[in-house]
Amino acid sequence: MNKNEIGKFILRVVLGFIFFIHGLSKFQGGISNTAGFFDSLGIPGFMAYVVGMIELVGGIAVILGIGTKIVSVLFAIILLGAIFTAKLPAGLLGNGQMAGYELDLILLAASIYFVLAKESALSLENKFFQSKEI
């Protein structure tokens, strides 16, 4: 096991955990509130349920290392949507009333990394679904 694999594992677990917590908070705080916020941005309210489920279930999947590439693409789409629909007007660091997009930007970079990177040796996907070369 090399340092790069350990670093990739830590980054994957933290990325998954952050998305899981964000998804959980959407449902615990009342998903209808999030749907209303989406509506106020011009995004159909039902998308709050879609985003919440992707964050919740996708976060767990990424933590475990299952479907990391596919889920990371979905995370990147969500982050681009968040940056361009909600966060961009507040600026990188925010405007005092709303957070900026600095967190979204680093999460986007991490998501793109996992889209481009090879599967981690420290993932369930690698453990159970690795191809056997003959």
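Residue by residue through the stretch 104-126, note down the ones that are modelled with pLDDT under 95 and part of a helix (DSSP H, G or I).
Leu124, Glu125, Asn126
Would you please name the residue that is farthest from Ala121 (Cα to Cα), looking only at residues in the stretch 62-74 that are among the small types (Gly, Ala, Ser) and buried (at least 21 other Cβ atoms within 10 Å of the Cβ)?
Ser72
Which members of the stretch 28-61 meet the condition of being part of a loop (DSSP other than H, G, I, E, B) and more than 26 Å from Val13 (Cβ to Cβ)?
Once the filter is applied, which keeps residues that are part of a loop (DSSP other than H, G, I, E, B) and more than 26 Å from Val13 (Cβ to Cβ), the stretch 28-61 yields Gly30, Leu41, Gly42, Ile43, Pro44, Gly45, Phe46.
With the requirement that a residue be farther than 25 Å from Gly59 by Cα and either exposed (fewer than 13 other Cβ atoms within 10 Å of the Cβ) or in contact with a helix residue (DSSP H, G or I) (Cβ under 7 Å, 6 or more places away or on another chain) (or both), what does the stretch 94-107 give you?
Residues satisfying the conditions are Asn95, Gly96, Gln97.
Considering only the stretch 75-93, state which residues are under 20 Å from the mean Cα position of the chain (by Cα) and surrounded by 15 or more Cβ atoms within 10 Å (Cβ to Cβ).
Those that are under 20 Å from the mean Cα position of the chain (by Cα) and surrounded by 15 or more Cβ atoms within 10 Å (Cβ to Cβ): Phe75, Ala76, Ile78, Leu79, Gly81, Ala82, Ile83, Ala86, Lys87.
Any idea which of Val71, Val62 is in contact with a Lys or Arg (Cβ under 7 Å, 6 or more places away or on another chain) and within 30 Å of Met1 (Cα to Cα)?
Result of the check over Val71, Val62: Val62.
The values are calculated or read from the model by the stated rules, or taken from the named source; none is laboratory data. These figures come from a predicted structure and were not determined experimentally. Cβ sites come from the backbone with ideal geometry, for glycine too, and all protein chains shown count toward neighbours.
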